[in-house]
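Only one structure is covered here, and it is reproduced in the block below.
The values are calculated or read from the model by the stated rules, or taken from the named source; none is laboratory data. Fair warning: this is a prediction, and the values are worked out from it, not measured in the lab. Positions of Cβ are backbone-derived with ideal geometry, glycine not excepted, and every protein chain shown enters the neighbour counts.
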Amino acid sequence: MLIIDLQDKFLPFLKHSGRVLQSTKLLVAVARELNIPMVVTEHNPKRIGPTVQELAVKLKDVPVFSKEIFSCFGDPAIKKAIQAHKNLKNILLVGCETHICILQTAIAALNLGYNVHVAANGVSSRKEVDWNAGLDRIARCGAVVATSEMIAYELLGRSDTAHFKALLPSFKDWVNRTED
């Protein structure tokens, strides 16, 4: 799971920022429960600030990479951290902005042979038109665009497991706090 640029100075300007934050928190809980590796990026954190605190507290042990380039795969350190997971075939993207960093990262990952999944409600842009156009282009390039809940339930596969039971509070919190 790649959490891209959910930073202090970006989040207030994103359309549906609350939904993005809540969807990302749900997927972080699922990733933790299922031992899915995570990487966090921050675009020019000296100017834009760190990852929003509400999310950062849930990611204390996750590697954070500063970047200046839009595609995460254009940064050698981030690319190396992702490729260090030798059997990795799927990449899940959340963050911002959909039509810039998410799109360019998705295209690069697809070109490297990864299956790319984008949480539609876990990504955003400043303008609705850019969010929609970004998701459309990402899908046309071959990535899977789904909601965070769809992704979470697909990863879990069934409800009669300890993983599902452990995640029930996260699902309930997500439903109660997330806007449409």
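One table, with the values for the structure above:
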| read-out | value |
| --- | --- |
| Filter result for residue 34 (touching a residue at least 60 places away in the same chain (Cβ under 8 Å) and either in contact with a Lys or Arg (Cβ under 9 Å, 6 or more places away or on another chain) or buried (at least 18 other Cβ atoms within 10 Å of the Cβ) (or both)) | no |
| Listing of strands (runs of 3 or more DSSP E) fully contained in the range 1-100 that carry 3 or more residues being closer than 14 Å to residue 122 by Cα and at pLDDT 95 or above | 2-4, 90-96 |
| Breaking point among (1) out of contact with any Asp or Glu (no Cβ under 8 Å at 6 or more places or on another chain); (2) farther than 20 Å from residue 73 by Cβ; (3) part of a helix (DSSP H, G or I); (4) touching a residue at least 12 places away in the same chain (Cβ under 8 Å), for residue 137 | (2) |
| Whichever residue in the range 145-162 is crowded, with 16+ Cβ neighbours inside 10 Å and not hydroxyl-bearing (Ser, Thr, Tyr) and, among such residues, is nearest to residue 21 (Cα to Cα) | 149 |
| Within the range 89-128, tally of residues that are touching a residue at least 40 places away in the same chain (Cβ under 8 Å) and either within 19 Å of residue 13 (Cβ to Cβ) or touching a Gly at 6+ places or on another chain (Cβ under 7 Å) (or both) | 15 |
| In the range 114-140, the residues that are aliphatic (A, V, I, L, M) and crowded, with 17+ Cβ neighbours inside 10 Å | 116, 118, 119, 120, 123, 135, 138 |
